[in-house]
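Right, one structure below, let's go through it.
Just so you know, all these numbers are worked out from the coordinates, no wet-lab data involved. These numbers come from a predicted model, not from an experiment. As a convention, Cβ positions derive from the backbone with ideal geometry for all residues, glycine included, and neighbour counts pool all protein chains shown.
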């Protein structure tokens, strides 16, 4: 397991553009053409996943186990969103993150915490099959 290299303070950021498929009225999470909370959560979770991906062995990946997000501000179609993730704690195979999202004006639009667990990908999928 390569996770011993993962330390608190590791950060990563990603950039996303709000397209029609990300809107609340498209995803069914709302009636307005603004960034859907489920899309924002997916982007924030993806950023956390990518924060530690390069520290894992080829056979390892991480799976999300908990997320708590506040969606603070609406974003329109074509907005540019930047997500930041920071490792805050490591407990064995469990990794805790602070996650934030900003619009192109550096306004905080979402924040929260996320937890991921390091797994062996093949073994994880084998358990699902039985």
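In table form, for the structure just shown:
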read-out	value
Residue 15 versus residue 123: modelled label distance in nm, points set 7 Å from Cα along the beta carbon direction	3.9 nm
Nearest-ten-degree value, helix 37-53 long axis tilted from longest Cα axis of the chain	30 degrees
Descending principal axes extents, the chain, alpha-carbon based, whole Å	43, 36, 21
Residue order, fewest to most beta carbons within 10 Å, for 87, 107	107, 87
Residues of region 91-129 with amide N under 13 Å of the 7 Å Cα→Cβ point at residue 63	116-129
Ascending count of other beta-carbon atoms within 10 Å, so fewest first, for 100, 73	73, 100
